[in-house]
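A short worksheet on the structure shown next.
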Amino acid sequence: MHDAKSKLTNALWRIYNRMERPSPWTTGGNLPWNDPDFSQRMLREHLDESHGAASRQRAEREAQIGWMWQKFGLQPGHHLFDVTCGPGLYAVEMARRGCRVTGVDFGPASIDYAKALAKKAGVDDKCSFVQQDVRRMDFAGRDFDAAILLYGQLAVMIRVEAGALLAQIAQALKPGGKLCVELLNQEKVDKTDSSWWFTDDAGLWGDAPFLHLGERFWDDDNKISVERYQILHLETGRLDEIHLCDQAYGVDEMVAMMKGAGFTAVDVYPAWAELPLYDADEWVAYVARK
Ligand SMILES: C[S@@+](CC[C@H](N)C(=O)[O-])C[C@H]1O[C@@H](n2cnc3c(N)ncnc32)[C@H](O)[C@@H]1O
């Protein structure tokens, strides 16, 4: 107890002495998706159909899947590549509709869940799920018919990694194959600084009493938002500091980046093609053809 109290005091001083404005990507820049405990807690959020914070809710996913199926011209037997597939909620549904699917994600609990979900749906023979960092994957020459990279994950990578990932996906597609990427609309991104706090004893940040302090900074020169979370675990005095960076892209910039990565044509769908998504207006869907 004494030890926890002195750790709490040290943690409060660390918070007090924090860097005033964190620079993007200097101390991480993504959630710890691949940490086993975090991944397990995040899985609960993915599967919680009362909100769409980690994965979209079922009806929204179905609207997206139906739209992509048609835009990609998918048919049973086609092979889909789901990059950052999470717990396989899109991939397994695509397999139920007849596709073969390869999903990659570095969240251990998500990949385990995706495999179990495929089995439960009776489509495990059509699905392959790989636990890997997509920045290090190599699926070149696999001749996928289509690929998806959903819910803004391209934006949590530094520009050079994002470009390299798009090029890697292009190399994995067959000629004429299509990629759908969804990204936040740069014009609609919140460009203000803010801060917040809350306490809880269960949730994404931990399963024992904790204090969460959050700050958000908008870097207008580089069009990046940086969120800094300090999570102070009250029983142990441990302090977790997590930075989440999001690179915003203008439409022209994104189209140029996709073409630079090896795609020949890019169609742009503002407001997520006007699908009935609660936050559609904040997103742009891009469909690029190799
Ligand atoms: C917001 S979730 C979306 C998951 C899924 N696409 C969906 O919509 O249900 C983002 C996913 O990206 C994965 N992710 C983020 N960065 C990654 C990386 N570098 N390599 C592999 N997976 C990554 C996370 O593990 C997480 O499952």
For the chain, averaging the sequence separation of alpha carbon pairs under 8 Å that lie six or more residues apart and dividing by its residue count, the contact order in percent is 19
The percentage of the accessible area of segment 64-195 (probe 1.4 Å, all protein chains present) made up of carbon and sulfur atoms, to the nearest whole number, is 47
Output for segment 134-211: trypsin sites (Lys or Arg not before Pro) sitting in coil per DSSP, at most 16 other Cβ within 10 Å, listed by number, reads R142, K191
With DSSP loop assignment and no more than 14 other C-beta atoms within 10 Å, the GluC sites (Glu not before Pro) in segment 231-290 are E235, E274
Two pseudo-spin positions, 7 Å from Cα along C-beta at A202 and at R21, lie apart in nanometres by 4.1
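Multiplying the sequence separation of E282 and D267 by 0.36 nm and subtracting their Cα-Cα distance, what value in nm do you get? Write down the numbers at each step before the final one.
Values: separation 15, 0.36 × 15 = 5.40 nm, distance 1.73 nm.
Stretched out fully, the E282 to D267 stretch lengthens by 3.7 nm.
When averaged across all projection directions, what area in nm² does the alpha-carbon convex hull of the chain cover? Please list the in-between numbers first.
Values: hull surface 60.9 nm².
Dividing the Cα hull surface by four gives the mean projection, 15.2 nm².
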Farthest towards the positive end of the dipole of segment 1-113, among I15, G73, N30 and with Cβ unit charges of +1 on Lys and Arg and -1 on Asp and Glu, lies the Cα of I15
Only helices counted: for the chain, with every DSSP H run of 4 or more residues adding -39500 (n - 2.57) and the sum spread over all residues, [θ] at 222 nm is -9500 deg cm²/dmol
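I'd like the per residue volume of the convex hull spanned by the Cα atoms of segment 107-237, given in cubic angstrom.
On the way: hull volume 22.3 nm³, N = 131.
Taking only Cα atoms, segment 107-237 has a hull volume of 170 Å³ per residue.
Taking the Cα centre of the chain as origin, sum charge times position over the Cβ atoms of Lys and Arg (+1) and Asp and Glu (-1), and report the length of that vector in debye to the nearest 20. Walk me through the intermediate numbers first.
Numbers: 33 positive and 43 negative charges, 192 e Å.
That gives a dipole near 920 debye.
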Across the alpha-carbon set of segment 158-204, Rg over Rh with Rh taken as the Kirkwood radius works out to 1.21
Here P(r) for segment 1-158, Cα-Cα distances in 5 Å bins, as whole percents, is 2, 8, 15, 18, 18, 13, 8, 6, 4, 4, 3, 1, 0
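Please state the shape class of segment 62-148: rounded when a/c is under 1.5, otherwise prolate if a/b exceeds b/c and oblate if not, all from the C-alpha gyration tensor.
Working: a/c = 1.63, a/b = 1.18, b/c = 1.38.
Here segment 62-148 falls in the oblate category.
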Out of A261, A118, A208, a Gaussian network model of the chain with alpha-carbon springs under 10 Å gives the largest mean-square fluctuation to A208
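The values are calculated or read from the model by the stated rules, or taken from the named source; none is laboratory data. From a predicted model like this one, the values you see are computed outputs, not experimental measurements. As a convention, Cβ positions derive from the backbone with ideal geometry for all residues, glycine included, and neighbour counts pool all protein chains shown. Side chains are part of the model used for accessible areas, which takes the heavy atoms of the whole protein and leaves out ligands, DNA and RNA. Shrake-Rupley method; radii C 1.70, N 1.55, O 1.52, S 1.80 Å.
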